Amino acid sequence: MEDADGMQVEEDAGRMPALPGLNRSHKEWHSRGYLPHFDRPGMVQSITFRLADSVPVRILEHWHTELELVGGESASDPRCAELRDRIERYSDEGNGSCWLRDPRIGEIVQNALLHFDGERYRLLAWCIMPNHVHTLIETVVGFPLGEVVHSWKSFTANESNRVLNRQGEIWMPDYFDRFIRD
C-alpha cells in the first residue's frame, strides 16, 4: 500500500511506521529534489514542513527557479536566507485548506511528534500552524533526519485523510531544515 506521498507503507493503520535498522547512515550535506539538507547525529535542527496546498504550484515553480539560480549554494548564502524569509512570510498568511486548524488534525500531528521523542530524536520545541509545522529537534545516531520527517509525514497524512474522509496528498514532498550552530 502507498501513503499520501506515494511511499510504500505497511497496512497497519493507526501505528507509527517503524524505521528499519539502527545503523542507517546520516548523509551530512545532500539534496532531496531542490532543497539542500544537512544531517548529522547530535545536530539541533529547525524543521518546517507544509501542507500540500499551502503554496500554489506557480509560486513553487518560481521559488524552484530562484533556488536553481542561486546554484545550490549553502543554506547560509544571503540569497537563500532572503528566499527562506519570503517563504516563511507567505506561509504565515494561512493559504490553502489549513487542515491543521482542525483540532483533530493538530492532535494527530502533535501526538506523532511526541511519539518517538527521546528515542529517535529529542524534540525541543514545536509549533503547529494552520498550514505548516515547525519543529526543533536534536537528531540521534541511527535515525537520519529525512527518515524521521518521512515517518511524521506518512503517519499524519494517513491518519488525517482517515479523519477528514478524503484521499490524496496532505504534505508537500520536501521540507526545510536548518541546523543550529550554537
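The values are calculated or read from the model by the stated rules, or taken from the named source; none is laboratory data. These numbers were taken from a predicted model, which means no experiment stands behind them. Here the Cβ is made from the backbone with ideal geometry for all residues, glycine too, and neighbour counts use every protein chain on show.
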For this session: Might you check whether a residue that is assigned to a helix (DSSP H, G or I) and in contact with a Leu (Cβ under 8 Å, 6 or more places away or on another chain) occurs anywhere in the range 118-130?
Result: no
For this session: Mind telling me which of the residues R89, R162, R84 ends up being at pLDDT 95 or above, in a helix (DSSP H, G or I), surrounded by fewer than 18 Cβ atoms within 10 Å (Cβ to Cβ) and basic (K, R)?
Result: R162
Problem set entry | E147 vs. criteria over 14 Å from A52 (Cα atoms), at pLDDT below 95 and out of contact with any helix residue (DSSP H, G or I) (no Cβ under 7 Å at 6 or more places or on another chain) | yes
For this session: Identify the single condition in (1) over 26 Å from A81 (Cα atoms); (2) touching a residue at least 24 places away in the same chain (Cβ under 8 Å); (3) of a type in the set (A, V, I, L, M); (4) surrounded by fewer than 15 Cβ atoms within 10 Å (Cβ to Cβ) that L114 does not satisfy, given that it satisfies every other one.
Result: (2)
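Check G106, G146, G168, G94 and return the single one that is over 20 Å from V44 (Cβ atoms) and outside any loop (DSSP other than H, G, I, E, B).
G106
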Problem set entry | Unique residue being more than 29 Å from V57 (Cβ to Cβ), surrounded by 20 or more Cβ atoms within 10 Å (Cβ to Cβ), of a type in the set (F, W, Y) and touching a helix residue (DSSP H, G or I) at 6+ places or on another chain (Cβ under 8 Å) when the list is Y175, Y121 | Y121
